[in-house]
Amino acid sequence: MTIDQAWTGYLDAAVAAARQAGAVIKDGLGRAHAVETKSSTTDLVTEVDRNSERLIREILSSRYPEIPMLGEEGTGASYDVENEPGPLWVVDPLDGTTNFVHTLPMSCVCVALVVRGRPEVGVIYDPYRDELFTAIRGGGAQLNGRPLAVAPQKTVEDSLLATGLPYDIRTAGAGSLKYFSRVAPYCRDVRAIGSAGLELAYVAAGRFGGYWEFHLAPWDTAAGWLLVEEAGGRVTALDGSTYHLESSTILATSGFIHDELVQMLMAGDRDGQENA
């Protein structure tokens, strides 16, 4: 399929923004930072988050001044990601802030171009490993220019899976732990690396056979959602229903194990979302 040149231009802008923001993040790892909290004592933000978002906004607006941006650190907070009539940049300038604060080099930059709630361009950049995950809808997914494909394992038993725990786990973590316990004994193993962007990118790259999490925001998942689908995988809500950027849960898999994993996660629940 031939990709319209306009989409290639959007991708180039997203890559430039992600790479430059990634350099800021990499340079800041291990240095002293003023750490603040947002909605809870475990929901962290640093000046690096804000500087990264500011830099991304400058780069994207210089190339496409007509396209607004929704960012985690407050940029474009009034935009409705599902109903915005035109294109919208959706950005997480530092996904994995807690890892960053504790000098764990597992975080990334996520940039997506979303049109009426659907990501059309997606970029996830890991500056520590210089891994650039990219996708244009209909054009496949790549890692540093090489095509990506999801994991080949056909059963949960043979699959390495990933999940995430909410930053407010002290008050809202019971559901996450319940679903973890339903799956962990029956798969090869489960990882929780603290970055939804990386975990989705790793599903696209075939490193994880599947990943699920609760209470994410559009900037956490927009780019990764597209990557997984363009690599041949499947993305739904936890109960197997249609995924939207405002969904309260996400399940991304290779596709081969999707239905089996839904059955495991939903065992005993009438509605996985109301129990999350």
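The values are calculated or read from the model by the stated rules, or taken from the named source; none is laboratory data. If you're wondering where the values come from, they're calculated on a predicted model, not measured in any experiment. Glycine gets a Cβ as well: all are built from the backbone with ideal geometry, and neighbour counts include every protein chain shown.
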Enumerate the pairs (first residue in region 134-158 and within 12 Å of Ile124 (Cβ to Cβ); second residue anywhere and exposed (fewer than 14 other Cβ atoms within 10 Å of the Cβ) and small (Gly, Ala, Ser)) with beta-carbon separation below 9 Å, excluding pairs fewer than 6 apart on the same chain, so at least 6 apart or on different chains.
-> Thr134/Gly145
Hey, any hits in region 200-219 for a residue that's outside the structural domain of Ile56 (by TED's automatic domain parsing), of a type in the set (Asp, Glu) and touching a His at 6+ places or on another chain (Cβ under 9 Å)?
-> no
Since Thr98 meets every condition but one in (1) surrounded by fewer than 17 Cβ atoms within 10 Å (Cβ to Cβ); (2) more than 17 Å from the chain's Cα centre (by Cα), which condition does it not meet?
-> (2)
Among the residues of region 77-96, how many are closer than 26 Å to Gly164 by Cα and either of a type in the set (Gly, Ala, Ser) or in contact with a helix residue (DSSP H, G or I) (Cβ under 6 Å, 6 or more places away or on another chain) (or both)?
-> 10
Which helices (runs of 4 or more DSSP H) sit wholly inside region 176-276 and have at least 3 residues that are in contact with a Gly (Cβ under 9 Å, 6 or more places away or on another chain) and buried (at least 24 other Cβ atoms within 10 Å of the Cβ)?
-> 196-204, 218-230
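Considering only region 76-96, state which residues are touching an Asp or Glu at 6+ places or on another chain (Cβ under 6 Å) and either more than 26 Å from Gly145 (Cα to Cα) or outside the structural domain of Leu143 (by TED's automatic domain parsing) (or both).
Glu82
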Residues in region 62-112 that are acidic (Asp, Glu) and more than 18 Å from Gly22 (Cβ to Cβ) total 4
Residues of region 182-238 being over 23 Å from Asn83 (Cβ atoms), of a type in the set (A, V, I, L, M) and in contact with a Cys (Cβ under 8 Å, 6 or more places away or on another chain), in sequence order, are Leu198, Ala201
Please list, ordered by first then second residue, the pairs with beta carbon atoms under 9 Å, 6 or more apart or interchain, first in region 68-81 and at positive phi, second among the polar types (S, T, N, Q) and at pLDDT below 80.
-> none
Any hit, region 40-61, residues being more than 20 Å from the chain's Cα centre (by Cα), modelled with pLDDT under 85 and assigned to a loop (DSSP other than H, G, I, E, B) = yes
Filter region 156-166 down to the residues that are in contact with an Asp or Glu (Cβ under 7 Å, 6 or more places away or on another chain) and part of a loop (DSSP other than H, G, I, E, B), then identify the one that is modelled with the lowest pLDDT.
-> Gly164
By residue number, the members of region 93-131 that are polar (S, T, N, Q) and either out of contact with any Gly (no Cβ under 7 Å at 6 or more places or on another chain) or in a strand (DSSP E or B) (or both) are Thr97
